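The values are calculated or read from the model by the stated rules, or taken from the named source; none is laboratory data. Keep in mind the model is a prediction, meaning the values are calculated, not measured. Positions of Cβ are generated from backbone atoms using ideal geometry, with glycine treated the same way; all protein chains shown enter the neighbour counts.
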Amino acid sequence: MTQFSRRSVLILGAMGLVAGALPARADALVPGLVYAVGQKFDKSFNEGAFTGAERFKAATGIPYVEYMPSNPAQFEQAVGALLRRGVTDVATIGFYYASAIGAVARRYPAVRFTLVDALAEGPNIRCVTFKEQEGAFLVGVLAALASKTKTVGFVGALDIPLIRKFSAGFEQGARHARGDVKLLVNFVGTTPAAFNDPSTGAEVARSQFQRGADVVFAGAGVSNFGIFAAARDDGKLAIGVDSNQNYLYPGTILTSMLKRVDLAVEASFQAAHQGNWSAGTRVLGLAEGAVDYAVDENNRELLSPAMLERVEEARRAIVAGRIPVADGS
């Protein structure tokens, strides 16, 4: 086993993988990974899944098989390709696979499926969702405190319940920090292609800058790259999402909201490896260390001690239940 941070241990425990006496490992385990449509090394969601699978491989010596669909409709094709290579466990990354995974899982009852970011029912389906609104609340606090114009923005990929969790938490956090803050909300597109459109992402961000926003939370996958570039060019601040994206534009990215897809994938594979995998739904948030914000050498100078004190106060209050964070539904 590799060494994990305290928060990593928290989420692995929440996923049902706790250090100690464990069942004997499952035989002939062959993990498989179906990425979300886009880029494998997207500095975001897919790369987080890849990191989790790589960490499992390093810890156990068990390789995995991967598939990158070109569109969501290729899910059944992706699973078929993995099964022809002997895959016993499939981790699926992306909300738009939810409608297809139920039928595919019924067709292959001996295969264990893990769906990250959506819900589906089946005796061989494990679903992992996140309380994105809690992590977004924290970066909303930081955005409001960093803003000089008292106007902050959220640029999402498209208007769906999953993305609304980010925008809802961001708004609540910003207003918690500064009651007079103004919030702008816009979306890149109306289909999953909006996650892979940096040019339009940049245009949407620029429109928010023109309307007074000086800090923009980017929740749009690969489209974030355009948002970040627009922020740099306009001398504004941006906030990354899913993985730590601070290093992409040091001095421009105020922070990144972390969503630990890596640990969700790793925990599922480890559970299968150790013989304690189970179906059902796991919902992970701040208390489990599954969402957070990133501080490193690339953004530390942008965050004052007073800002960090305020956001840590908010974290403690959320985990203790003193601040309920609505998910926008």
For the stretch 154-194, what are the residues that are in a helix (DSSP H, G or I) and either among the polar types (S, T, N, Q) or more than 15 Å from the chain's Cα centre (by Cα) (or both)?
SER167, ALA168, GLU171, GLN172, GLY173, ALA174, ARG175, HIS176, ALA177, PRO192, ALA193, ALA194
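Yes/no matrix, rows are residues, columns are (1) more than 22 Å from PHE170 (Cα to Cα); (2) not polar (S, T, N, Q):
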| site | (1), (2) |
| --- | --- |
| LEU263 | yes, yes |
| ALA267 | yes, yes |
| GLN274 | yes, no |
| VAL283 | no, yes |
| VAL311 | no, yes |
| ALA314 | no, yes |
| VAL319 | no, yes |
Restrict the check to the stretch 319-327 and report whether at least one residue is part of a helix (DSSP H, G or I) and exposed (fewer than 12 other Cβ atoms within 10 Å of the Cβ).
yes
Within the stretch 265-281, restricting to residues that are polar (S, T, N, Q) and outside any helix (DSSP H, G or I), the one that is surrounded by the fewest Cβ atoms within 10 Å (Cβ to Cβ) is SER278
Show the residue pairs that are 6+ apart or on different chains and have beta-carbon atoms under 6 Å apart, the first residue being within the stretch 81-105 and within 20 Å of GLY48 (Cβ to Cβ), the second being of a type in the set (Lys, Arg) and not in a helix (DSSP H, G or I).
ASP89/ARG112
How about the stretch 287-315: which of its residues are farther than 13 Å from GLY140 by Cα, assigned to a helix (DSSP H, G or I) and not acidic (Asp, Glu)?
ALA287, ARG300, LEU302, PRO305, ALA306
Does VAL139 fit the bill of being on the phi < 0 side of the Ramachandran plot, in the same structural domain as GLU47 (by TED's automatic domain parsing) and either of a type outside the set (Ser, Thr, Tyr) or surrounded by 24 or more Cβ atoms within 10 Å (Cβ to Cβ) (or both)?
no
Considering the stretch 66-92, residues that are charged (D, E, K, R) and touching a strand residue (DSSP E or B) at 6+ places or on another chain (Cβ under 8 Å), and then whichever is surrounded by the fewest Cβ atoms within 10 Å (Cβ to Cβ), we arrive at ARG85
Do any helices (runs of 4 or more DSSP H) entirely within the stretch 68-153 hold 1 or more residues that are closer than 28 Å to ASN196 by Cα and at pLDDT below 95, and if so, which?
75-83, 98-107
Filter the stretch 57-71 for residues that are touching a residue at least 60 places away in the same chain (Cβ under 8 Å) and either touching a Ser or Thr at 6+ places or on another chain (Cβ under 9 Å) or in the same structural domain as PRO192 (by TED's automatic domain parsing) (or both) and give the result.
ALA59
What number of residues within the stretch 295-315 satisfy the criterion of being under 20 Å from the mean Cα position of the chain (by Cα) and surrounded by fewer than 17 Cβ atoms within 10 Å (Cβ to Cβ)?
1
Looking across the stretch 93-112 at residues that are among the hydroxyl-bearing types (Ser, Thr, Tyr) and either touching an Asp or Glu at 6+ places or on another chain (Cβ under 6 Å) or surrounded by fewer than 18 Cβ atoms within 10 Å (Cβ to Cβ) (or both), the single one that is farthest from ALA36 (Cα to Cα) is TYR108
